[in-house]
Amino acid sequence: MGNWENRSGRYRISRRPFPKQRPPHWKLSKTFSVGKKALSNGDYAASVLSFQRAIALDSDFALAYAGLAASYTNLGESRLSTANAKKAYELRERTSEREKLELESNLCMADYWRPRKNTRVNELLVHSYPRDSDAHFNLGNIYDNLRAI
């Protein structure tokens, strides 16, 4: 995805195309950010509204569906959480590799029948992105839940 220098000191241009993405829209970005902030502050009802607005602006925004799934999980709405996690996972093609792992983790969390797979996904996230506090937090929760089983 860019230039690299070979042994002779010459630069070569990569021929791989960039992934197709829509240009960022400031209103979508702002709405999503407000939802993430509300979610992290524990205001789950407000985060649901923000993520729903983001989805209304872009119905293919996988991370908004993932945020909505997390909000519904915290509100105790497991059926809605699972449905939104599955939708986010279906739309993962427009996301980065890191976001794909996060979406897979969210799907495994919403579907309680796959705790071992969720452990592997979050261990990979922690190993690949050691500064990602969410991955550490999720992995700690998974270990705690597995210990309780």
Handout entry: Of residues in the range 90-105 being out of contact with any helix residue (DSSP H, G or I) (no Cβ under 6 Å at 6 or more places or on another chain) and within 20 Å of S78 (Cβ to Cβ), the one modelled with the lowest pLDDT
Key = E102
Practice task
Would you check if K27 is assigned to a helix (DSSP H, G or I) and either at pLDDT below 90 or under 18 Å from N138 (Cβ atoms) (or both)?
Solution key: yes
Problem - Hits in the range 106-140 (condition: loosely packed, with under 13 Cβ neighbours inside 10 Å and either part of a helix (DSSP H, G or I) or modelled with pLDDT under 90 (or both)) - result: Y112, W113, R116, H127, S128, S133, F137, G140
Practice task
Go through the range 34-105 and tell me which helices (runs of 4 or more DSSP H), entirely inside it, have 2 or more residues that are in contact with a Phe, Trp or Tyr (Cβ under 9 Å, 6 or more places away or on another chain) and within 27 Å of R120 (Cα to Cα).
Solution key: 62-74, 78-90
Problem - the range 77-90, subset touching a Leu at 6+ places or on another chain (Cβ under 8 Å) and within 8 Å of A62 (Cα to Cα), residue surrounded by the fewest Cβ atoms within 10 Å (Cβ to Cβ) - result: Y89
Exercise for the section: Test L146 against the stated conditions and say whether it is more than 18 Å from A70 (Cα to Cα), among the hydrophobic types (A, V, I, L, M, F, W, C) and free of Cβ contacts under 8 Å to residues at least 40 places away in the same chain. Expected result: yes
Exercise for the section: Using the structure shown, decide if R98 is surrounded by 13 or more Cβ atoms within 10 Å (Cβ to Cβ), touching a residue at least 60 places away in the same chain (Cβ under 8 Å), within 15 Å of the chain's Cα centre (by Cα) and within 26 Å of H25 (Cα to Cα). Expected result: no
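The values are calculated or read from the model by the stated rules, or taken from the named source; none is laboratory data. Quick caveat, the model's predicted, so the values are computed rather than measured. Counting neighbours? That spans all protein chains shown, and the Cβs are built from the backbone with ideal geometry, glycine included.
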